Amino acid sequence: MSGVSGTDARKDPARDDVPPEDYRLLVPRDWFRIDLTLERWRPQLKTFVDRQAAARRLSARAAQGLWATLRNTAESGVSQGAIELFLRAEADEAGATPATLLVSLLPMSGELYAAPDDLARSIAERRGAGTEVTVTSLPAGDAVRVTTATTLDLYVNMPGKAGYLLLAFSVPLSGVESPMGGLCEAIASSLRWL
């Protein structure tokens, strides 16, 4: 699956029980995309960090910190099924990015499948206090919405009970309750199955 391919979203309601072949997600052009399914993601990430360091005149220490943080995020994501990483193409003086989006495929078919309400309960039990877990409806389908002050995770139920597509936003500088958080919500609402 790839977040930038395809043309029209599926329109046939009879296909709701058929797993999608792909998805479309509209992400602003100034967000840098890294394809985590390819072995060359590390050089792509290094290119992003080098551009940010030059454009923002980051110190060597801040650039190294940005590289380490983003590399760790990508490596952790890849180990858990991440397929794409989007980075807001600007960083502050300390090297922090204002927003990131990690897209992960979470296959759950057959007996492993959990309905959105069941998944929400399970996540709420694991996450505990400080996390809000709700089930919401997006144009692409039902989703489990998990929020903290600086993160927004949307587990979007895939047609055909194939599992979930996780859209994991991190908004460390402004928080979820900000215009940047609103942009993240809009990106999530643009998701369409192909």
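Observations
- For region 25-54, filtering for residues that are touching a residue at least 60 places away in the same chain (Cβ under 8 Å) and crowded, with 20+ Cβ neighbours inside 10 Å leaves 1.
- Hits in region 139-152 - residues which are within 18 Å of ASP22 (Cβ to Cβ) and surrounded by fewer than 15 Cβ atoms within 10 Å (Cβ to Cβ): PRO139
A quick yes/no check of all residues on (1) among the acidic types (Asp, Glu); (2) closer than 15 Å to VAL27 by Cα; (3) modelled with pLDDT of 95 or more; (4) open to solvent by less than 30 Å² (accessible area, probe 1.4 Å):
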position: ALA115; (1), (2), (3), (4): no, no, yes, no
position: SER137; (1), (2), (3), (4): no, no, yes, no
position: LEU154; (1), (2), (3), (4): no, no, yes, yes
position: GLY181; (1), (2), (3), (4): no, yes, no, yes
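- Residue match in region 41-52 (condition: touching a Lys or Arg at 6+ places or on another chain (Cβ under 7 Å) and part of a strand (DSSP E or B)): no
- Region 138-151: number of residues that are out of contact with any Ser or Thr (no Cβ under 8 Å at 6 or more places or on another chain) and in a strand (DSSP E or B): 1
- When ARG24 is tested against (1) at pLDDT 95 or above; (2) among the charged types (D, E, K, R); (3) over 19 Å from LEU166 (Cβ atoms), just one condition goes unmet, and that condition is (3).
- Failed item, numbered, when ARG71 is tested on (1) in contact with a strand residue (DSSP E or B) (Cβ under 9 Å, 6 or more places away or on another chain); (2) open to solvent by 50 Å² or more (accessible area, probe 1.4 Å); (3) at pLDDT 90 or above: (1)
- Just one of the numbered conditions (1) within 20 Å of VAL103 (Cβ to Cβ); (2) surrounded by 14 or more Cβ atoms within 10 Å (Cβ to Cβ); (3) aliphatic (A, V, I, L, M) is not true of LEU58: (1).
- The set of residues from region 156-179 being within 18 Å of LEU87 (Cβ to Cβ), in a loop (DSSP other than H, G, I, E, B) and open to solvent by 20 Å² or more (accessible area, probe 1.4 Å) comprises PRO172, LEU173, SER174, SER178.
- Listed by first and then second residue, the pairs with beta-carbon distance under 7 Å, at least 6 apart or on different chains, first residue in region 81-96 and closer than 17 Å to TYR155 by Cβ, second modelled with pLDDT under 90, are ILE83/MET1; GLU84/GLY3.
The values are calculated or read from the model by the stated rules, or taken from the named source; none is laboratory data. Since we're looking at a predicted model, the values are computed, not measured. Glycine gets a Cβ as well: all are built from the backbone with ideal geometry, and neighbour counts include every protein chain shown. Areas reflect the complete protein model, heavy atoms only, side chains present, ligands, DNA and RNA absent. Shrake-Rupley method; radii C 1.70, N 1.55, O 1.52, S 1.80 Å.
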